[in-house]
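Each remark here refers to the structure printed beneath this line.
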Amino acid sequence: MSEDSLMKTTHDSISRRSFLGVAAAAPVVASAAQARHIPVGLELYSVRDELKKDLTGTVRAVAKLGYEDVEFYSPYFRWTDAQAKDVRKLLDDLGIRCLSTHNDAQSFTAENLPRAIELNQIIGSKLIVMAHPGKVPTNLDGWKGVAERLNAAADKLKPQGLRAGYHNHEPEFKPIEGKRPIEVLAANTVKDVVLQFDVGTCLEAGSDPVAWIDKNPGRIVSMHCKDWSPDAGKGYKVLLGEGVAPWKKIFDAAESTGGIEFYLIEQEGSAYPPVDTADRCLAAFRKLHG
């Protein structure tokens with residue numbers, strides 16, 4: 001074989017190997033890109049009056065807007081198994097999921113936690129969130145007690161493929177005895193306990209949402225995207241993106257440090273009807289997040 005022929009054969013062989021290598025890597029690259037997709041859902045408290053009147057119709061309307069998941073809140077705990085199965089079928093038919101539920105403190109008692117587990121497993125939820133501690137502790141020892149309850153729940157949930165979580169409000173970010181209760185909860189709970197971050201209440205309490213995310217790497221698995229304005233009469237009534245939250249910085253921190261797995265939009269009310277509000281907030285999220 002001539003030198004030119006040998007070089008051509010070698011070049012063709014290398015080119016073919018290169019092509020095959022790129023082709024083989026393509027699915028991996030595509031999978032990685034898909035893995036980076038973070039779904040956005042709606043905390044159904046945002047449409048609470050509609051949900052109370054017509055759960056099926058409201059969930060259908062939310063799915064039609066383009067939300068990828070929903071978060072049911074405490075009234076779901078009163079469902080029968082049959083009702084929970086009907087809800088699961090509805091979600092499956094619509095192609096959306098329930099990734100988490102909001103629960104009052106009573107759902108975390110030894111008596112009620114098994115029922116919370118059953119219901120969440122039926123509807124496909126993976127995260128049982130304590131949305132409120134019940135009677136708000138007035139000292140740090142009281143908050144340590146809340147942390148103990150979360151740890152005890154986490155121990156029982158983990159073997160079932162579930163996680164426990166805690167959702168903050170303003171009091172958790174207001175210092176008691178020189179320390180913020182949310183810091184006590186973070187320091188005294190196991191890493192499996194998700195710190196579901198409510199942005200709006202953090203802002204109202206005067207804290208920095210980006211700093212909080214950065215301080216708790218891997219624990220901000222879920223986030224309530226709720227804006228807030230200090231202007232009189234506005235508060236939580238502003239739509240997403242119309243308040244003071246630095247959303248781009250928040251999203252960057254959540255995705256680079258926080259360990260975010262899914263976003264949830266929550267709105268406590270606005271100048272628009274609830275479903276219209278949810279629609280406007282989702283459009284704003286897409287514009288802000290990109």
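The values are calculated or read from the model by the stated rules, or taken from the named source; none is laboratory data. Only a predicted model underlies this, so the values are computations on that prediction, with no experimental measurement involved. Heads up, the Cβs are rebuilt from the backbone with ideal geometry, glycines too, and the neighbour counts pull from every protein chain shown.
A few notes on this one:
- Which listed residue is of a type outside the set (Gly, Ala, Ser), under 16 Å from Pro209 (Cα atoms), in contact with a strand residue (DSSP E or B) (Cβ under 9 Å, 6 or more places away or on another chain) and in contact (Cβ under 8 Å) with a residue 24 or more places away in the chain, from Phe285, Phe251: Phe251
- Every residue from the stretch 214-240 that is at pLDDT 95 or above and out of contact with any strand residue (DSSP E or B) (no Cβ under 7 Å at 6 or more places or on another chain): Asp214, Lys215, Pro217, Gly218, Asp227, Pro230, Asp231, Lys234, Tyr236, Lys237, Leu239
- Taken together, the criteria place Gly206 among residues that are modelled with pLDDT of 95 or more, among the small types (Gly, Ala, Ser) and assigned to a loop (DSSP other than H, G, I, E, B).
Matching residues to (1) in a loop (DSSP other than H, G, I, E, B); (2) touching a helix residue (DSSP H, G or I) at 6+ places or on another chain (Cβ under 7 Å); (3) aromatic (Phe, Trp, Tyr):
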site: Lys248; (1), (2), (3): no, yes, no
site: Phe251; (1), (2), (3): no, yes, yes
site: Ala254; (1), (2), (3): no, yes, no
site: Arg280; (1), (2), (3): no, no, no
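- Members of the stretch 132-142 found to be part of a helix (DSSP H, G or I) and either of a type in the set (Asp, Glu) or within 21 Å of the chain's Cα centre (by Cα) (or both), listed by number: Asp141
- Flag for Gly218 being farther than 30 Å from Gly142 by Cβ and either outside any loop (DSSP other than H, G, I, E, B) or under 19 Å from the mean Cα position of the chain (by Cα) (or both): no
- Set Pro175, Pro230, Pro274: member being in contact (Cβ under 8 Å) with a residue 12 or more places away in the chain, farther than 29 Å from Val59 by Cα and either of a type outside the set (Phe, Trp, Tyr) or surrounded by fewer than 18 Cβ atoms within 10 Å (Cβ to Cβ) (or both): Pro230
Residue-wise test of (1) assigned to a helix (DSSP H, G or I); (2) surrounded by fewer than 23 Cβ atoms within 10 Å (Cβ to Cβ); (3) under 16 Å from the mean Cα position of the chain (by Cα); (4) touching a residue at least 24 places away in the same chain (Cβ under 8 Å).
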residue: Lys144; (1), (2), (3), (4): yes, yes, no, yes
residue: Val190; (1), (2), (3), (4): no, yes, no, yes
residue: Leu195; (1), (2), (3), (4): no, no, yes, yes
residue: Cys202; (1), (2), (3), (4): yes, no, yes, yes
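- Condition check for Glu183: surrounded by fewer than 21 Cβ atoms within 10 Å (Cβ to Cβ), without any contact (Cβ under 8 Å) to a residue 24 or more places away in the chain, more than 16 Å from Gly243 (Cβ to Cβ) and not polar (S, T, N, Q): yes
- Among residues of the stretch 204-223 being in contact with a Leu (Cβ under 9 Å, 6 or more places away or on another chain) and of a type in the set (Val, Ile, Thr), the one that is surrounded by the most Cβ atoms within 10 Å (Cβ to Cβ) is Ile220.
- Condition met for Lys158 (out of contact with any His (no Cβ under 7 Å at 6 or more places or on another chain), closer than 23 Å to Arg180 by Cβ, of a type in the set (Lys, Arg) and assigned to a helix (DSSP H, G or I)): no
Conditions tested, residue by residue: (1) of a type in the set (Val, Ile, Thr); (2) at pLDDT below 95; (3) more than 17 Å from Thr189 (Cβ to Cβ).
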position	(1), (2), (3)
Gly66	no, no, yes
Thr109	yes, no, yes
Pro137	no, no, no
Ala147	no, no, no
